[in-house]
Amino acid sequence: GLHYMCTRPQSRLRRLLWSLAFLASAGLLATGTADRLHHLLSRPVHTRARLAWAPQLRFPAVTLCNPNRARFLHLTKPDLYSVGEWLGLARENHSLVPEMLAVLGEDQRAWLTRLANYSRFLPPRRSERTMQSFFHRLGHQIEDMLVECRFQGERCGPQHFTPVYTRYGKCYTFNGDRRNPRVTRQGGMGNGLEIMLDIQQEEYLPIWRETNETSFEAGIRVQIHSQDEPPYIHQLGFGVSPGFQTFVSCQEQRLTYLPQPWGNCRASMQGEQLLPGYDTYSIAACRLQCEKEAVVQSCHCRMVHMPGEGRNESICSPNVYIECADHTLDAAVEDSQERCSCPTPCNLTRYGKEISMVRIPNKGSARYLARKYNKNETYIRENFLVLDIFFEALNYEAIEQKKAYDLAGLLGDIGGQMGLFIGASILTILEILDYIYEVIRDKVSRVLRRSKPPLKKPSGSIATLGLEEMKDQSPCETLGRHVEGAYNTSILPNHHHRHHYPHQGVFEDFAC
């Protein structure tokens with residue numbers, strides 16, 4: 001296109017049309033290049049999902065919580081005196097709440113009234129371990145709740161469950177050891193964890209009012225999570241009801257996100273410990289740490305389920321729970337998006353779940369179970385449940401975030417548009433730059449020659465050229481000065497040409 005734009009023999013109309021075509025193509029090229037560059041700077045990503053098979057899978061951690069935080073019938077006089085107000089059983093002066101007594105049976109009312117008689121009672125000394133001891137002793141014990149336990153067909157027991165404290169109080173985690181996790185080599189029912197639990201409804205605290213901590217549910221809360229993150233069961237757990245056998249079919253999902261500037265994930269730093277005992281960053285650990293900082297800042301102590309040891313981190317007393325800690329924690333949870341910045345980790349393992357259930361026991365087995373466990377049939381229906389957790393198959397879903405556009409893609413798009421619109425490549429651009437350099441150098445040389453004084457030429461009819469002028473002039477320029485026909489046409493190869501340009505000789509046509 002440049003040849004047709006700049007060659008003088010072309011007509012003006014033709015040069016104008018070629019100039020317009022070239023400018024339009026260059027404009028389209030510039031527009032396309034700017035669009036591709038803007039697309040690259042926007043850091044686009046795409047998500048790729050694939051299903052992979054594995055010979056074995058690490059079985060997840062399973063955390064179980066009874067929503068009842070304290071066993072009512074195991075209260076002692078010091079417990080009622082210390083935490084009775086926090087449990088909603090007593091007033092600030094340690095007298096029992098009449099509305100609460102009204103919902104109790106006669107036997108329980110008489111027992112609690114005797115318990116609240118503080119004559120000749122020496123109040124216990126306040127200690128920062130009061131609440132921790134309370135949850136440890138009065139929480140539901142796994143030895144009492146666990147009726148049957150099997151993992152991959154082999155028996156398991158309370159020794160395989162680790163106590164952990166959450167907002168529900170004392171909970172238990174199966175397979176929580178991340179250094180030595182259990183693995184499963186086969187999918188389907190019977191190849192995972194199967195447990196039968198007694199939720200002990202007769203031990204539930206009486207409810208006579210509604211508070212933020214009031215729980216109307218009967219059953220257990222379950223969270224299936226990775227060993228690399230702490231349980232956050234009050235928000236991420238699901239419920240299992242008594243009188244049912246619940247089947248939970250799991251599939252492991254491994255998610256990989258991109259860091260800045262393509263995404264907002266947070267990578268775990270080597271040696272970083274956001275929570276004691278957890279070497280990797282997780283959203284649950286970040287939220288627990290954020291909630292703890294809010295409570296410590298306002299109340300100068302931490303709650304039992306909040307991790308950490310050190311100065312200014314003693315466990316709050318029951319009075320501080322009532323006056324400060326509970327309200328601060330509720331406010332921190334409600335304003336978690338403003339208070340806490342907990343980005344998604346760059347590598348995350350979670351478990352998809354499909355839940356189904358059937359009623360237990362049936363009419364034929366109710367009497368057998370009652371006789372086997374020394375309970376009546378009504379108690380079995382109201383308190384027993386079976387939980388079966390297993391992998392659907394030995395596969396996992398890998399979901400990865402990938403860069404959708406990079407520098408190589410940008411160069412490829414620009415090269416394709418250059419070839420489409422202006423028929424150019426990298427070599428063409430280099431040739432144009434070289435041509436521009438040659439033109440500039442020629443112009444500068446001419447300017448420098450004009451600034452030199454002219455050489456004196458001898459008079460005569462025959463003009464002679466100096467050596468320097470012969471070097472500066474090209475053969476075409478020298479021969480171009482001869483008049484057409486000054487040479488014998490018999491020695492010229494173009495003597496048979498009929499058409500001659502008015503400004504160019506025949507010999508010049510041959511030489512150039």
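Within the group Ile389, Ile399, which residue is in contact with a strand residue (DSSP E or B) (Cβ under 7 Å, 6 or more places away or on another chain), surrounded by fewer than 18 Cβ atoms within 10 Å (Cβ to Cβ) and not small (Gly, Ala, Ser)?
On the way: Ile389 fails: surrounded by fewer than 18 Cβ atoms within 10 Å (Cβ to Cβ).
The unique qualifying residue is Ile399.
Looking at (1) surrounded by 13 or more Cβ atoms within 10 Å (Cβ to Cβ); (2) under 17 Å from Asp388 (Cα atoms), can you tell me which one Glu154 breaks?
Single failed check for Glu154: (1).
Can you tell me which of (1) within 34 Å of the chain's Cα centre (by Cα); (2) in a helix (DSSP H, G or I) is the one Ala370 doesn't meet?
(1)
Take Ile426 and decide whether it is among the aliphatic types (A, V, I, L, M) and either under 19 Å from Ser249 (Cβ atoms) or surrounded by 11 or more Cβ atoms within 10 Å (Cβ to Cβ) (or both). It would help to see each step written out before you state the result.
Numbers: among the aliphatic types (A, V, I, L, M): yes; either under 19 Å from Ser249 (Cβ atoms) or surrounded by 11 or more Cβ atoms within 10 Å (Cβ to Cβ) (or both): no.
Against the criterion (among the aliphatic types (A, V, I, L, M) and either under 19 Å from Ser249 (Cβ atoms) or surrounded by 11 or more Cβ atoms within 10 Å (Cβ to Cβ) (or both)), Ile426 does not qualify.
Taking the stretch 234-243 as the region of interest, how many residues are farther than 14 Å from Ser282 by Cβ and assigned to a helix (DSSP H, G or I)? First the steps, then the outcome.
Within the stretch 234-243, the subset farther than 14 Å from Ser282 by Cβ is 234, 237-243.
Add one more test, that the residue is assigned to a helix (DSSP H, G or I), and what stays is 234.
Count: 1.
Yes or no: the stretch 310-320 includes at least one residue that is charged (D, E, K, R), part of a helix (DSSP H, G or I) and in contact with a helix residue (DSSP H, G or I) (Cβ under 9 Å, 6 or more places away or on another chain).
At the first step, the residues of the stretch 310-320 found to be charged (D, E, K, R) are 311, 313.
With part of a helix (DSSP H, G or I) added as a condition, the list becomes none.
No, the conditions are met nowhere in the stretch 310-320.
I need a count of the residues in the stretch 92-139 that are farther than 30 Å from Glu313 by Cα and acidic (Asp, Glu). Talk me through it step by step, then tell me what you get.
Quick first cut of the stretch 92-139, residues farther than 30 Å from Glu313 by Cα only: 95-121.
Within this subset, residues satisfying the condition of being acidic (Asp, Glu) are 99, 106-107.
Selection size over the stretch 92-139: 3.
Residues being under 26 Å from Pro158 (Cβ atoms) and either among the hydroxyl-bearing types (Ser, Thr, Tyr) or assigned to a strand (DSSP E or B) (or both): count how many of those fall in the stretch 178-223.
So the answer is 14.
Taking the stated definitions as given, is Gln227 modelled with pLDDT of 90 or more, in a loop (DSSP other than H, G, I, E, B) and in the same structural domain as Leu73 (by TED's automatic domain parsing)? Break it down into steps so the answer makes sense when it comes.
Details: modelled with pLDDT of 90 or more: yes; in a loop (DSSP other than H, G, I, E, B): yes; in the same structural domain as Leu73 (by TED's automatic domain parsing): yes.
Judged against the criteria, Gln227 is a match.
Inside the stretch 51-76, can you point out the residues that are surrounded by 13 or more Cβ atoms within 10 Å (Cβ to Cβ) and in a strand (DSSP E or B)?
If the condition is that a residue be surrounded by 13 or more Cβ atoms within 10 Å (Cβ to Cβ) and in a strand (DSSP E or B), then Leu57, Arg58, Ala61, Val62, Thr63, Leu64, Cys65 are the ones that fit.
What is the residue count in the stretch 284-295 for residues that are more than 16 Å from Asp335 (Cβ to Cβ) and either modelled with pLDDT of 90 or more or not in a helix (DSSP H, G or I) (or both)?
First, the residues of the stretch 284-295 that are more than 16 Å from Asp335 (Cβ to Cβ): 284-285.
Checking which are either modelled with pLDDT of 90 or more or not in a helix (DSSP H, G or I) (or both) leaves us with 284.
The qualifying residues number 1.
Would you mind stating whether Thr33 is modelled with pLDDT of 80 or more, touching a helix residue (DSSP H, G or I) at 6+ places or on another chain (Cβ under 6 Å), β-branched (Val, Ile, Thr) and more than 30 Å from Asp177 (Cα to Cα)?
On the way: modelled with pLDDT of 80 or more: yes; touching a helix residue (DSSP H, G or I) at 6+ places or on another chain (Cβ under 6 Å): yes; β-branched (Val, Ile, Thr): yes; more than 30 Å from Asp177 (Cα to Cα): yes.
Here the answer is yes, as Thr33 does meet what is asked.
In the stretch 320-340, which residue that is of a type outside the set (A, V, I, L, M, F, W, C) and touching a residue at least 40 places away in the same chain (Cβ under 8 Å) is surrounded by the most Cβ atoms within 10 Å (Cβ to Cβ)? Talk me through it step by step, then tell me what you get.
Step one: list which residues in the stretch 320-340 are of a type outside the set (A, V, I, L, M, F, W, C), which gives 321, 323, 326-328, 330, 334-339.
Within this subset, residues satisfying the condition of being touching a residue at least 40 places away in the same chain (Cβ under 8 Å) are 321, 326, 330, 336, 339.
Numbers: Tyr321: 23, Asp326: 19, Asp330: 12, Ser336: 17, Arg339: 16.
My answer is Tyr321.
Let me spell it out: the conditions are (1) on the phi < 0 side of the Ramachandran plot; (2) free of Cβ contacts under 8 Å to residues at least 60 places away in the same chain, and Met189 meets all of them except one. Which number is the exception?
Just one mismatch for Met189, condition (2).
Is it the case, given these coordinates, that Ser241 is of a type in the set (S, T, N, Q) and at pLDDT below 90? Talk me through it step by step, then tell me what you get.
Values: of a type in the set (S, T, N, Q): yes; at pLDDT below 90: no.
No: the conditions fail for Ser241.
The values are calculated or read from the model by the stated rules, or taken from the named source; none is laboratory data. Everything quoted here is computed from the prediction, not taken from an experiment. Here Cβ is always computed from backbone atoms with ideal geometry, including for glycine, and neighbour counts include all displayed protein chains.
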